[in-house]
Amino acid sequence: MKSNAQVLNRIKGLLQEQGKSYQDLSNDTGISKSLIGHMLSGERVMKPERLITIAKALGTEVKDLIQVNETNEPLEIVFRGELTNRQSKRTFEAVLFAIEDYVTMKQVD
């Protein structure tokens, strides 16, 4: 999946291509112009149902907005919350190890 910024940039690009404003998108989706502005600036999380609504309004599919483009750019993992105990830290380290292992295996293929 694309990073959040890439999805937001794709939506902004489609708006520009179609000559639509945030107000037009608001009218087409029923989502307030203010919320659309906050979501597309990255200040608010775009919930899946809103992404679906926006994709329909732009005449595209969600899969096109989040389509994977292979790059050699480093991955960025962002999570909310804190690792407050040993168990959560160990679990997180195990997930990181699994990701690194998977990436290494994919490079060998």
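Just the residues that are of a type in the set (A, V, I, L, M, F, W, C), part of a loop (DSSP other than H, G, I, E, B) and either modelled with pLDDT of 90 or more or touching a strand residue (DSSP E or B) at 6+ places or on another chain (Cβ under 7 Å) (or both), please, taken from the stretch 49-100.
So in the stretch 49-100, the residues of a type in the set (A, V, I, L, M, F, W, C) come out as 51-52, 54-55, 57-58, 62, 65-66, 68, 75, 77-79, 83, 92, 94-99.
So of that shortlist, the ones also part of a loop (DSSP other than H, G, I, E, B) come out as 58, 66, 68, 75, 77-79, 83.
Correct list: Leu58 only.
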- Note on the structure: Going through the stretch 13-55 in order, the residues found to be open to solvent by 60 Å² or more (accessible area, probe 1.4 Å), under 15 Å from Ile66 (Cβ atoms) and not acidic (Asp, Glu) are Val45, Lys47, Pro48, Ile52
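The values are calculated or read from the model by the stated rules, or taken from the named source; none is laboratory data. All values reported here derive from a predicted model rather than from experimental measurement. Reconstructed Cβ throughout: ideal geometry from the backbone, glycine too, with neighbour counts over all protein chains shown. When the accessible area is computed, the model is the full protein with side chains, heavy atoms only, and any ligands, DNA or RNA have been set aside. Shrake-Rupley method; radii C 1.70, N 1.55, O 1.52, S 1.80 Å.
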